[in-house]
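The values are calculated or read from the model by the stated rules, or taken from the named source; none is laboratory data. Worth saying up front: this structure is predicted, and the values here are computed from it rather than measured. Here Cβ is always computed from backbone atoms with ideal geometry, including for glycine, and neighbour counts include all displayed protein chains.
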Amino acid sequence: MSWEGRHAPTMDEMLALVDAAITALPEPFASAARGVALQIEEIASDEMLDELGIDDPLELTGLYDGVPLTQKSLMDVAQQPDMIWLFRAAILDEWCARGDVALDALVTHVYVHELAHHLGWSDEDIATIDRWWE
């Protein structure tokens with residue numbers, strides 16, 4: 001196989017991987033996903049990293065920013081849209097370091113993990129059903 005002319009996926013190509021993951025979601029998760037904005041950035045902002053107490057931006061592959069569905073009330077006025085952030089450089093760094101998973105599978109995993117937070121699941125809840133990293 002020749003690697004000549006190959007490059008890391010662009011932001012648009014990463015977005016296409018996420019779009020494929022969203023399209024493959026079964027109901028009711030697909031409906032929940034439609035209510036969350038998506039933003040792909042190269043790395044997390046210094047402000048995000050500081051809030052989370054993270055020094056290395058390559059440690060944060062994704063982030064859910066919003067109020068989980070389990071905590072919302074019909075009386076609440078949204079201050080900002082629910083948002084899932086994916087961080088391209090961190091995802092690519094993990095993909096290279098792992099070396100045992102397809103990039104589309106990793107992007108799907110990170111997206112679904114953040115969507116689970118939107119659904120109100122804790123990291124512990126997610127870990128009980130998602131043994132993906134093993």
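Of the residues examined, A44 is one that is of a type outside the set (V, I, T), under 20 Å from I126 (Cβ atoms) and either modelled with pLDDT of 95 or more or in a helix (DSSP H, G or I) (or both). Among the residues of segment 114-134, just one is part of a loop (DSSP other than H, G, I, E, B), loosely packed, with under 13 Cβ neighbours inside 10 Å and at pLDDT 70 or above, namely S122. In segment 67-78, the residues that are closer than 14 Å to W121 by Cβ reach residues that are among the aliphatic types (A, V, I, L, M) and modelled with pLDDT of 75 or more with C-beta atoms within less than 6 angstrom, at least six apart or across chains, in these pairs: L69/L119. Annotation note: Cβ proximity below 8 Å between a residue of segment 108-134 that is over 15 Å from G62 (Cβ atoms) and a residue that is part of a loop (DSSP other than H, G, I, E, B) and modelled with pLDDT of 75 or more (sequence gap 6+ or interchain) occurs for G120/P68. Close Cβ contacts (under 9 Å, 6 or more residues apart or on different chains) running from residues in segment 18-36 that are in contact (Cβ under 8 Å) with a residue 12 or more places away in the chain to residues that are surrounded by 11 or more Cβ atoms within 10 Å (Cβ to Cβ) and among the polar types (S, T, N, Q) comprise V18/T108; A20/T108; A21/T108; A24/T108.
Based on what the data block shows, is L58 in contact with a helix residue (DSSP H, G or I) (Cβ under 6 Å, 6 or more places away or on another chain) and at pLDDT 80 or above? It is true that L58 is in contact with a helix residue (DSSP H, G or I) (Cβ under 6 Å, 6 or more places away or on another chain) and at pLDDT 80 or above.
Quick one: would you say D100 is modelled with pLDDT of 85 or more, surrounded by fewer than 12 Cβ atoms within 10 Å (Cβ to Cβ), in contact with a helix residue (DSSP H, G or I) (Cβ under 9 Å, 6 or more places away or on another chain) and in a loop (DSSP other than H, G, I, E, B)? No; evaluated as a whole, the condition is false for this residue. Among residues belonging to segment 3-17 that are in contact (Cβ under 8 Å) with a residue 60 or more places away in the chain and assigned to a loop (DSSP other than H, G, I, E, B), point out the one that is surrounded by the fewest Cβ atoms within 10 Å (Cβ to Cβ). Restricting to residues being in contact (Cβ under 8 Å) with a residue 60 or more places away in the chain and assigned to a loop (DSSP other than H, G, I, E, B), the top hit is A8.
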